[in-house]
1. Counting residues that are of a type in the set (A, V, I, L, M) and more than 12 Å from the chain's Cα centre (by Cα), which helices (runs of 4 or more DSSP H) fully inside segment 118-162 reach at least 3?
2. Kindly provide the set of residues from segment 1-22 that are surrounded by 12 or more Cβ atoms within 10 Å (Cβ to Cβ) and assigned to a helix (DSSP H, G or I), ordered by number.
3. Among (1) among the polar types (S, T, N, Q); (2) farther than 20 Å from L159 by Cβ; (3) over 12 Å from the mean Cα position of the chain (by Cα), where does T46 come up short?
4. Just the residues that are farther than 28 Å from A11 by Cα and either among the hydroxyl-bearing types (S, T, Y) or touching a residue at least 40 places away in the same chain (Cβ under 8 Å) (or both), please, taken from segment 85-131.
5. What are the pairs, 6+ residues apart or on separate chains, where a residue within segment 185-207 that is over 15 Å from K157 (Cα atoms) has its Cβ under 7 Å from a residue that is in a loop (DSSP other than H, G, I, E, B) and at pLDDT 90 or above?
6. Could you tell me which of the residues A76, A99 is touching a Phe, Trp or Tyr at 6+ places or on another chain (Cβ under 7 Å), in a strand (DSSP E or B) and buried (at least 18 other Cβ atoms within 10 Å of the Cβ)?
7. If a residue has to be among the β-branched types (V, I, T) and more than 22 Å from the chain's Cα centre (by Cα) to count, how many in segment 11-43 make the cut?
8. So in segment 143-176, with the set limited to residues that are within 16 Å of R92 (Cβ to Cβ) and not hydrophobic (A, V, I, L, M, F, W, C), which one is surrounded by the most Cβ atoms within 10 Å (Cβ to Cβ)?
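The values are calculated or read from the model by the stated rules, or taken from the named source; none is laboratory data. Treat the numbers as computed from the prediction; the structure is a model and nothing was measured. Positions of Cβ are generated from backbone atoms using ideal geometry, with glycine treated the same way; all protein chains shown enter the neighbour counts.
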Amino acid sequence: MTVYWVEQREADLPGDDGWLAPAELVRRNSFRFPKRRTDWQLGRWTAKRAVAAVLRAPPALAAIEIRPDSSGAPAAFLGGAPADCTISISHRSGIAACAVAPSGVALGCDLELVEPRSDAFVADYFTGEEQAQIERAGANRYLLATLIWSAKESALKALHTGLRRDTRSVKVNPGSCVAPLDVAWHALEIRLEDGGMFRGWWQISGCLVRTMAANPGAEAPYQLPTASIRPS
């Protein structure tokens, strides 16, 4: 199974509103704070471009609508009907990502910046085994903590629970050694307290960590080149 991955930046946002569906335009205009409005817009723009690129007959972006489902997770609609795909959206620091998989796949993706995370944060949100891994990571402590946290976020998105679920009920095994200059996709495994499991992937480039979790498991995400994505 292939999961497609698209990233966009704030500079990629168009200057007009023609790509928004009417209900999306109303929602966009309801945000009081510019940053929240821009983040929402960037996430929708990225998701629409991803869905349009993956569909066999890409429609105009205004024909694609990204709506929250009953859990609040984003879902793609085409002509008022559910599109034949599953999506997950993440944004951080002016960058948005959207992962797209076939319908029926439990899917989550996440972007995080590598940054200091306190001992109290690690103790509150990580399992004992994860805490020990982070402690052994030495100079890569913050890198590993960010990676594990991001993978938890991806899994919780795939479960459609978000942080309503105890993050310690989700145990991450990143597999490969974490190195700051390694930009390849690496497999990871996420086990749930109730016996469930996700297969996923992680990638680090600079200070940006990308993670994806899926059930059933998938090949490494295929990042669609921007040139292949219809702008409108």
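1. Those helices (runs of 4 or more DSSP H) span 119-125, 141-158.
2. E10, D12 - these are the residues of segment 1-22 that are surrounded by 12 or more Cβ atoms within 10 Å (Cβ to Cβ) and assigned to a helix (DSSP H, G or I).
3. (3)
4. P102, S103, V105, A106, S118, Y125, F126, T127, E129, E130
5. W185/A220; W185/P221; L188/P174; W202/P174; Q203/W185; C207/V114
6. Being touching a Phe, Trp or Tyr at 6+ places or on another chain (Cβ under 7 Å), in a strand (DSSP E or B) and buried (at least 18 other Cβ atoms within 10 Å of the Cβ) holds for just one of A76, A99, which is A99.
7. 1
8. Of everything passing the filter in segment 143-176, S154 is surrounded by the most Cβ atoms within 10 Å (Cβ to Cβ).
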